[in-house]
Amino acid sequence: MRKAVAASFMLGLALVSIRAQSPTVPRPYDAAREKRLEWFREAKYGMFIHWGLYAIPAGEWKGQRCLGLGEWLMNRCKVPVTEYEQLTKQFNPTKFNPDDWVQLAQDAGMKYMVITSKHHDGFALFKSSVSPYNVVDATPYKKDLLKQLADACARRGMRLGFYYSQSQDWHEKDGAGNTWDFGPDMAPDGKTELKKYDDYLRGKAEPQVKELLTSYGPVALIWFDTPRNMAGERGQRFTDIVRKIQPNTLIDGRLGTEGDYRSTGDNVIPPEASTEAWETPATINDTWGFRKDDTNWKSPGQVAFKLVDIVSKGGNYLLNVGPTAEGIIPQASADVLRTVGRWLKANGDAVYDAGTSPFGAEFGEYTSKDAKDVRGQKLFLANNEWRVTTKPGKLYFTFFVEPRTPFEIPAMKNKLLRAYRLADKAPIPLKTENGRTTFEMSRPMLDPMATVVVVEYEGTHVEKLVPPEGGEW
Ligand code: H79
């Protein structure tokens with residue numbers, strides 16, 4: 001026994017080094033981290049808010065369309081700091097009503113909110129004694145936006161986290177990213193830093209993160225992004241600040257050193273389940289910061305699918321909205337969120353605190369041909385008809401299209417007890433023949449968005465049947 005423990009510890013050490021390439025390799029168990037993660041694993045669904053000066057140009061600079069992500073405008077159109085800074089004089093979001101935003105998140109069924117406290121452009125949405133480039137000191141609005149949102153969240157029992165761009169800061173000569181005003185970050189050797197990066201980190205980023213953790217009550221999480229030159233000691237300095245001031249605050253997966261959970265790439269949903277805590281940050285159209293020309297809203301059905309897909313794989317869905325410069329969350333995105341929220345009111349048992357699929361074949365399969373996806377990975381042929389999530393003794397089958405009938409429940413050892421539709425508890429007869437259990441639903445299905453069928457079984461966890469010798473069923 002002791003040998004086994006030692007062996008698994010050694011294995012744990014060995015795995016640390018290969019985790020970077022293989023995020024599905026579990027990390028060694030960390031009781032404190034698991035405790036911090038408890039609420040996060042239950043919550044499943046959060047609201048991301050990208051808001052800043054970039055909402056004013058909204059994708060257009062000096063009458064020219066500036067393509068790409070709205071919040072990347074300064075970078076994409078190489079706007080000098082001296083010009084971009086002028087936006088502060090116009091920033092006056094008088095229609096901002098923090099209670100409306102929290103109410104929207106609650107109507108949407110979202111359990112936490114994460115707002116950009118400072119994006120890559122360097123402008124802070126909060127009062128900062130470290131840099132006057134902030135909403136209180138530099139704009140006619142003069143009020144702390146984060147304080148107002150934090151107070152509304154506290155009043156309504158909503159968890160609040162802060163996005164903070166620790167590495168890129170295009171406003172500062174020693175921050176990463178602004179090559180058009182301040183020259184390249186790195187020498188051509190790719191190793192020698194050309195900016196006094198630690199001056200920026202110690203002079204602005206670290207003290208601002210301290211401010212965020214000190215002045216706004218409990219911070220659910222800090223969402224760092226795009227780690228450049230952050231390895232080792234620099235990342236650890238941020239971790240130390242967070243742990244010292246608010247030990248329960250979660251750190252996302254993009255600090256540069258290991259955080260509390262894994263962040264996927266933007267809009268990336270992995271093909272398979274993982275027991276490690278993770279989160280997909282995602283756009284509801286094709287930008288994070290508001291762009292007036294982007295109305296490519298995902299439909300409520302698409303959002304519901306992504307949510308259940310992510311939950312069935314063990315992750316969280318952090319879905320973004322981009323408010324306008326006046327402080328309004330675009331009506332079309334609010335409508336989508338509320339439609340999904342209504343569906344969650346009836347079907348939330350399948351989502352909140354639900355466990356991963358015990359099966360997996362429903363996700364799809366890797367191509368047997370030599371095809372690659374846009375990221376150069378082996379192509380995964382996703383199957384999007386249904387997903388399954390779990391609670392002890394229960395399987396939640398969520399159907400996004402009418403299933404082939406009869407629908408065959410994947411084989412398992414546990415005895416199946418009963419099935420019913422989640423939204424109205426209407427019983428659904430189970431039929432077992434030759435060891436295979438099936439059910440049929442009356443058509444058309446109840447809900448045009450997605451219909452959840454609960455299947456109850458004996459025991460608390462699914463015991464898989466081992467395939468008979470020789471392989472396939
Ligand atoms: O905050 C959101 C994005 O602004 C941020 N992450 C999410 C959560 C993000 N930062 N960097 N990226 C995403 C990758 C951005 C890549 C691109 Fe570009 C920006 C592609 C086009 C514009 C940089 C500049 C790479 C090519 C040109």
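Quick notes
- Qualifying residues in the range 267-325 (those that are of a type in the set (D, E) and over 18 Å from G360 (Cα atoms)) - the one least open to solvent (accessible area, probe 1.4 Å): E279
- For the criterion of being modelled with pLDDT of 95 or more and among the polar types (S, T, N, Q), Q21 fails.
- Scanning the range 87-102 for residues that are open to solvent by 70 Å² or more (accessible area, probe 1.4 Å) and among the polar types (S, T, N, Q) yields a count of 2.
- The residues in the range 341-383 that are among the small types (G, A, S), assigned to a helix (DSSP H, G or I) and either within 20 Å of the chain's Cα centre (by Cα) or surrounded by 12 or more Cβ atoms within 10 Å (Cβ to Cβ) (or both) can be counted, and the count is 4.
- Selection count where residues are among the hydrophobic types (A, V, I, L, M, F, W, C), part of a helix (DSSP H, G or I) and under 24 Å from N248 (Cβ atoms), scope the range 109-167: 7
- Conditions (1) within 24 Å of the chain's Cα centre (by Cα); (2) within 16 Å of the ligand (Cβ to nearest atom); (3) at positive phi: number failed by K78: (1)
- Condition broken by I49, with the remaining ones in (1) within 30 Å of K313 (Cβ to Cβ); (2) within 16 Å of the ligand (Cβ to nearest atom); (3) in contact with a Lys or Arg (Cβ under 6 Å, 6 or more places away or on another chain); (4) among the aliphatic types (A, V, I, L, M) satisfied: (3)
- Counted residues, the range 214-248 - those being more than 19 Å from H120 (Cα to Cα) and surrounded by fewer than 20 Cβ atoms within 10 Å (Cβ to Cβ): 17
- T405 being of a type in the set (S, T, N, Q) and open to solvent by less than 40 Å² (accessible area, probe 1.4 Å): no
- Considering Y141, Y200, the condition of being at pLDDT 95 or above, among the hydroxyl-bearing types (S, T, Y) and in contact with a helix residue (DSSP H, G or I) (Cβ under 7 Å, 6 or more places away or on another chain) is satisfied by Y141 alone.
- Residue match in the range 195-205 (condition: surrounded by 21 or more Cβ atoms within 10 Å (Cβ to Cβ) and of a type in the set (A, V, I, L, M)): yes
- Residues of the range 58-86 classified as closer than 29 Å to Q148 by Cβ and either of a type in the set (S, T, Y) or open to solvent by less than 10 Å² (accessible area, probe 1.4 Å) (or both), total: 8
The values are calculated or read from the model by the stated rules, or taken from the named source; none is laboratory data. In this text, all values refer to a predicted model and were calculated from it rather than measured experimentally. Cβ atoms come from the backbone with ideal geometry, glycine included; neighbour counts cover every protein chain shown. Each accessible area value is taken on the protein alone, full model and side chains, heavy atoms only, with ligands, DNA and RNA left out. Shrake-Rupley method; radii C 1.70, N 1.55, O 1.52, S 1.80 Å.
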